[in-house]
Structure formats: C-alpha cells, structure tokens
Amino acid sequence: MKGWTGKILWVDLSRGESRVVDLDPQLAASYVGGRGLAARLLWDHVPPGADPLGPQNLLVMAAGPLTGLPGPSTGKLVVAAKSPLTHGYGDGNIGTRASVAMRKAGFDAVAVSGASEKPVYIYVEDGRAEVRSAEHLWGLDAFEAERRLVEEHGKGVGVLVIGPAGERGVGFATVMSQEGRAGGRTGMGAVMGSKRLKAVVFRGSGDVDIAERDAYLREAREAYAELKRKPAYRFWMRQGTMMAIQWSQENSVLPTYNFSEGVFEEADKINGFAMEMAKVEQRGCPNCTMPCGNVVLDDEGAKAELDYENVALLGSNIGLGDLARVARLNRLADMWGVDTIGLGAAIGYAMEASERGLIGEKIEWGDFDAALRLAEAIVGREEGLGDTLARGLAYAAQRIGGEEFAMHVKGLSITGYDCHAAPGMALSYGVSPIGAHHKDAWVISWETQHGRFEYTAEKAAKVLELQRIRGGFFETLVACRLPWVELGLELDWYVRLFNHATGLSWSLDDHFRVADRVLNLVRAFWVREYSAEGRPWSRRLDTPPRKWFERPLTRGPLAGARLDPLKYDELLGKYYGLMGWDYRGIPRRSTLERLGLGFAAAELDRRVGLLP
Ligand code: PTT
Ligand code: SF4
C-alpha cells in the first residue's frame, strides 16, 4: 500500500493500553483518509446513542495519503468524534507539525477509546505508543502545556493539546497546536477532556513509502513554484484570510450584531488593512509556502494570531471595532482552547438576549469588559449564564429563550457570513455535514457573482459541487484547501500528487465518488445517532435560524433583504433530489447501496424506514 503507512494506532485509555492494527486496503480505497476514514471508524466503533462525553465515544486523528509529504500545504490533520455540541458527526481540520510527525511515526490514524481516571497524555514514537501521566499539565493553558511538552521531549515533536475549556467540557472546546492552530469547533477538545487526555505528542523519524518518489517530488516542486506565480499570491501574503473582512463588508455579509446586519460601521478598524499596520509576524502550518497566520500584538502587548472568522465573530458580531481588543479575546480563546467562532456567537447571543430583557445581566454591544467577563464565565463554567452558554446555543435557547436569534444549525454556531441576502450560503450552512460551517461549501463568493436572490437548482448543484471538492476531496487527501480556494491552484495538481504517491490512476471523478460515499455516510451517522437518542429527524434540522427569514437587514445597500422560507424549502428539496435523499433529508436505500453503504442502509432501515 504505497502512499498510506497502512497502520492505525488504537489506544484504550480505560486500560492504558495501545495496539497497532493494519489499515484494510479496501477501507483505504473506499474512504482514502481524513474525514472518510474517521467517519467509517466512528460508524463501526461508536455504539449508537453513545454519550459524546462518555468513554464509549471514539476520538480519531486521521491523516490522508498526502498528509506530511512535501507538497503544497499538506501539514493538516482531521480530528473527529461524535460531537458533544451537536450529538452528530463532528470534525475539524488542524494545521500542525503533529500531522507530519504522526505519519513519520508510521500511522495514518490514531483512534482513542475509553477514558482514563487520571490526567494522561499519549506519547507516540516510531510505531509505538505509551500512555503517560499528565498530572503536571492538567489545568495549564494550551500554550503553556505545549511548551512544557516540547521542553520535555525536545524540538521536533508535534503536539495536539487542550486547554482548560477542553478539560471542563465546554461544548465548543477545540484541539490546539502551535499557539494559534485550532481544530474541531464541534467540541473535539471537550471529547479529549472527557477522556482526561491532555495531549498527544508525536515523534517520527521514518518516511512514508510512496509509489513514484521522483515523479512525486518533481510535481510537488512545480506545484510550489506555480503557487508563487499566481496573481493573488502577493496580496494573500499580506492579508491572508483577513482580506475577507473588507470583502464581506462590501458585499453586506459581515456578521454584525449577532447576525442582524451585514455591514459594520467600524469595519475599517478591524479589516485586513488595519491588521497589516499592526502585523508583527507571519506563521503557518508545516509544508506551507503561503502561510496565513497573521500575528499582531493585542492590547496587553502579547502576540495573537488572527483569522477572518475570529475577527468577524469576536469583532463585528459583538459590535467591537477595536482590533487590539479583538486580538486579546482571540489570544485568550487560543490559550483556553475554545472555538473563537463559538465564543463570539455565544457572546453575540447573550448581548441580544440582554437587549431583549431575557437575562438579568447587562451586556451591551461593543462592551469589551462585559464580553471578556462573560468569556471567562463560559470557560470557567460558572453557574448561571456562563455554564448555560458553555453547553452551546441550542441548549442556551431552550433555557433562556430567543430561539429565533440563537444563530446555529443543529447546535453548531454559524461561521462568518450573514445570509439575509444569500440563500445559497444559507443552504450551505443548513446541509453542512457538521452543523453550520462554511468549510464544505463556501458558495457565497460564487453567489455574489451569479445572483444573490435566486433559489435555483443551479445554486443547489453548486453547493453540492463545493461539498464534493472541499468536504470530500480535500478532507480525505488530507491537504489545506486554501491554495485552491484563494490562489486558484488547479485541482489536477492534487490528483497527480495523489496518483504519484499511491501508484493509482484515479481521475477527479473517482475522488468525487469517494466524496459522495463520505457525505452520505456522515449523514447516515447523524440519522442513526438522532434516532438512537430518540430525537426525530426532519428537514427542519437543515434550516437556518428564523432571524434571517423574519427580520430584514436594516442597514447598507441591501437593507430590507431577508430569506424567503418557502423558497428556501424548495431549494432544500432541490439539494435533496441531487443527493438522492428523501423529503426528510435521509438518504434513500438506492443511494446508499449504489455507494457501497449497504451496511448503513440496513441499520437506517431498521431505525427510520428508508424510501427506495
Ligand atoms: C475552523 C475554524 C476557522 S475556519 C477559524 S478561522 W478560517 C477559526 N480559527 C480558530 C482559531 O484560530 N482559534 C480558535 N481558538 N478557534 C478557532 N476557531 C475557528 O475554527 C485554519 C485555516 C483556516 S482559517 C481555514 S478557513 C481553512 N480551513 C480548512 C479546512 O477546514 N479544511 C482544509 N482541508 N483546509 C483548511 N484550510 C484552512 O485552515 P475547524 P487551522 Mg481549523 C487561531 O479547525 O474545526 O475546521 O474550524 O485549523 O490550522 O487553525 O487552520 O478564516
Ligand atoms: Fe495553514 Fe494557512 Fe498554509 Fe493553509 S494556507 S496550510 S491554513 S498556513
């Protein structure tokens, strides 16, 4: 099996034991890696209805055949588990030296089951693993814990770590690495914490055996050179994802005041140009020649790494037009190991709840001190509002009210795009495989050029096309999608790199078949888990919050715009038709069987009755 290491490391934390299992070549060919492999492992090994924060949940770290090989932006890793936030499939994609070191240590994936009684970390080195005490690390923030581990094990290790948010089970706690890389908005850090797993440390000295080494290396060199020739390269190197603040403002999609508006009056204080004035450093993931981690000093003089989403959710969405203060919230979120998007969404929701008199606390738009205090209460799980918000927006809305402005889909808070005037992007959030995330179908850019207000079949097809590329192709390879998204590095480069690595002769369509299999298995996992937990499945779950349908924009050039509920529902139906799903949003038996998912069809048929 060239291109894959062919090994999965299994660690059972209840017993403190590990074992190495061969990766079935058939499984590798069917699911490739990353999200695909993770989804299949979760389907097979998580008992239906398992408590996401219980020992039965499985935490998977999965690489793909391109991970860690020299090649554009291949230093990425998928972290996945049943999500404590959504109770469905959850994953995230983190750029980290741990991805490279894991493959060099001989593993395509690490799967962690059980739970330890005492805090531990897993040390993985060249084909073997040990479970070690982490008593001395428990309670430390993610930066400090990683520094200590690097001191103990020497430079050259890759570390995945959680902060206090993960230890305390905050629903949107992330896995962290390298003081600014975060993965798993869906609460993957909380799953680690529930297993008392503070960190996983990787050291590897081997090489992944690939089929056509010379051809691979030549292709990779050319791809790197091609990237630097792309016209967008220079501006990207200046602003990275931060350039999207200006773009979103110009297109009335910048989340503002808890997704009530799409323009922010102080956007120029927090946009990419403001960031450029404050920038002190540029960081990135391994193997990346277009690093997008823009580092600025926050209002306390400490370094903070900014991204578009972080600034949109912790800035305009809470009415805060002060980049240095946004940067402080961003840095603290990274140290605590909590999702910046989830945190900004929780604060925005609390500000609106305060304005509407649903809570006693006075938390006004743009009030930095109140936002900071609330963030501390959430991460500290302080009794009352802090603990309620730490459980996620779906729970908070049940307790507090304001369901129409709790901005989430299936429990995962919405990322940085307002959709009052973007039905395609609303659909993308509605049907994302993990809850409201743009990672699978960032259709907004295409939508602004092809008709903002249409609800056409073409739009539904575009969402599916992007899901196949972003959520399927890149998440299974596993590589960063930004060289393609932002600089236009053609997909064929990745197909050729994959073929040289594996010795296979796949076309892009072959990859899309894998993508369809993975997207359907993920949906089947959601339906299975909801059914096992006694939650009825319906198309309502694929619909974004009522605010975008009921309360039009009041500012900017698109004032008056809002989504049309009937047309949205029709658009959803068009998407279901393309996917081969029924009116409930459940895959048909024929769809699952065509994709080699007969085992999932049998299980779902028993539970919810499949349509042919
Ligand atoms: C991703 C989500 C995003 S999407 C951002 S900013 W973005 C937020 N970043 C956070 C952060 O930082 N700190 C923190 N405490 N929480 C954060 N939560 C948010 O998490 C990230 C980049 C970015 S920056 C994006 S778009 C791309 N995402 C990719 C993806 O999903 N798949 C893929 N194959 N390639 C990708 N490339 C880009 O990676 P999640 P990272 Mg991320 C500080 O994790 O769970 O997927 O959520 O991993 O290494 O930080 O890189 O404008
Ligand atoms: Fe990481 Fe950014 Fe490079 Fe992608 S473009 S690999 S997210 S540094």
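Results, tabulated for the structure shown:
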{"read-out": "The range 297-367, Cα convex hull volume normalised per residue, Å³", "value": "80"}
{"read-out": "For the range 29-89, fraction of C-alpha pairs farther apart than 20 Å, in %", "value": "32"}
{"read-out": "Label point distance in nm, Val150-Tyr583, each placed 7 Å from Cα along Cα→Cβ", "value": "5.7"}
{"read-out": "Volume per residue that the Cα convex hull of the range 9-125 spans, once the total is divided by residue count, Å³", "value": "111"}
{"read-out": "Aspartates and glutamates with Cα under 18 Å of Lys230, excluding same-chain neighbours fewer than 8 positions away", "value": "Glu219, Glu222, Glu486, Glu490, Asp492"}
{"read-out": "The range 7-203: relative contact order as a whole-number percent, Cα under 8 Å and 6+ apart", "value": "24"}
{"read-out": "Beta bridge orientation in the chain: antiparallel %, DSSP, nearest 5", "value": "80"}
{"read-out": "Cα gyration tensor shape of the range 130-278, rounded if a/c is under 1.5, else prolate or oblate by comparing a/b with b/c", "value": "oblate"}
{"read-out": "Heavy-atom accessible surface of the range 497-612: percent carbon and sulfur, 1.4 Å", "value": "52"}
{"read-out": "Pairs beyond 23 Å (Cα-Cα), from Lys439/Lys459; Lys198/Lys439; Lys269/Lys459; Lys7/Lys76; Lys82/Lys195; Lys7/Lys155", "value": "Lys198/Lys439; Lys269/Lys459; Lys7/Lys155"}
{"read-out": "Per residue convex hull volume, Cα atoms of the chain, in Å³", "value": "130"}
{"read-out": "Whole-Å distance, taken between Cα centres, linking the range 308-382 and the range 192-222", "value": "36"}
{"read-out": "Trypsin sites (Lys or Arg not before Pro) restricted to the range 233-335 and DSSP loop, no more than 16 other C-beta within 10 Å", "value": "none"}
{"read-out": "Sites Arg555 and His450, calculated FRET efficiency, Cβ-Cβ separation with R0 25 Å, nearest 0.05", "value": "0.55"}
{"read-out": "Per-pair calculated FRET efficiency, R0 = 45 Å: Glu222 and Glu593 via Cβ, rounded to 0.05", "value": "0.65"}
{"read-out": "Rg ratio (alpha-carbon, reference 2.2 N^0.38 Å) - the range 9-54", "value": "1.31"}
{"read-out": "Relative contact order of the range 252-327, pairs being alpha-carbon contacts under 8 Å that are 6 or more residues apart, as %", "value": "33"}
{"read-out": "The range 120-275 - percent of accessible surface contributed by carbon and sulfur, probe 1.4 Å", "value": "46"}
{"read-out": "Distance from the range 449-484 to the range 55-72 (C-alpha centre basis), Å", "value": "22"}
{"read-out": "Dipole of the chain, positive direction: furthest Cα of Ala460, Ser354, Trp43, with charges on the beta-carbon", "value": "Trp43"}
{"read-out": "Karplus-derived 3J(HN,Hα), 6.51/-1.76/1.60, for each residue of the range 229-234, Hz, glycine and proline x", "value": "7, 5, x, 7, 4, 5"}
{"read-out": "Accessible area of the range 383-426 divided out per residue, in Å², using a probe of 1.4 angstrom", "value": "26"}
{"read-out": "Tail beyond 12 Å, pair distance distribution of the range 420-462 (Cα, percent)", "value": "52"}
{"read-out": "Distance histogram for the range 77-212 (every C-alpha pair counted, 5 angstrom bins, percent rounded to whole numbers)", "value": "2, 12, 22, 24, 22, 12, 4, 2, 1, 0"}
{"read-out": "Cα coordinate range in the range 249-406, projected on the principal axes (Å, largest first)", "value": "46, 33, 28"}
{"read-out": "Normalised contact order of the chain, rounded percent, pairs of Cα under 8 Å and 6 or more residues apart", "value": "16"}
{"read-out": "Kirkwood-Stokes translational diffusion coefficient of the range 393-438, alpha-carbon pairs, 10 °C, 1.306 mPa s, µm²/s", "value": "146"}
{"read-out": "Sparsely packed trypsin sites (Lys or Arg not before Pro) within the range 90-197, loop by DSSP, other Cβ within 10 Å at most 12", "value": "Lys155"}
{"read-out": "Arg356-Asp322 FRET efficiency (beta carbon distance; Förster radius 22 Å; 0.05 resolution)", "value": "0.30"}
{"read-out": "Ellipsoid semi-axes in whole angstrom, largest first, where each is sqrt(5λ) of the Cα gyration tensor of the range 528-590", "value": "30, 15, 7"}
{"read-out": "By average C-beta atoms within 10 angstrom, highest first, the peptides 399-407, 362-370", "value": "399-407, 362-370"}
{"read-out": "Heavy-atom surface of the range 132-249, accessible at 1.4 Å and reported per residue (Å²)", "value": "38"}
{"read-out": "Scaled radius of gyration (Cα, divided by 2.2 N^0.38 Å) that the range 463-612 gives", "value": "1.27"}
{"read-out": "Positive-end residue, the range 249-406 charge dipole about Cα centroid, Cβ charges, pick of Leu393, Pro286, Val379", "value": "Pro286"}
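The values are calculated or read from the model by the stated rules, or taken from the named source; none is laboratory data. Predicted model only: the values in this text are computed from it and were never measured. Every residue, glycine among them, receives a Cβ derived from its backbone with ideal geometry; neighbour counts consider all protein chains shown. The accessibility values were calculated without ligands, DNA or RNA, using every heavy atom of the protein model including side chains. Shrake-Rupley method; radii C 1.70, N 1.55, O 1.52, S 1.80 Å.
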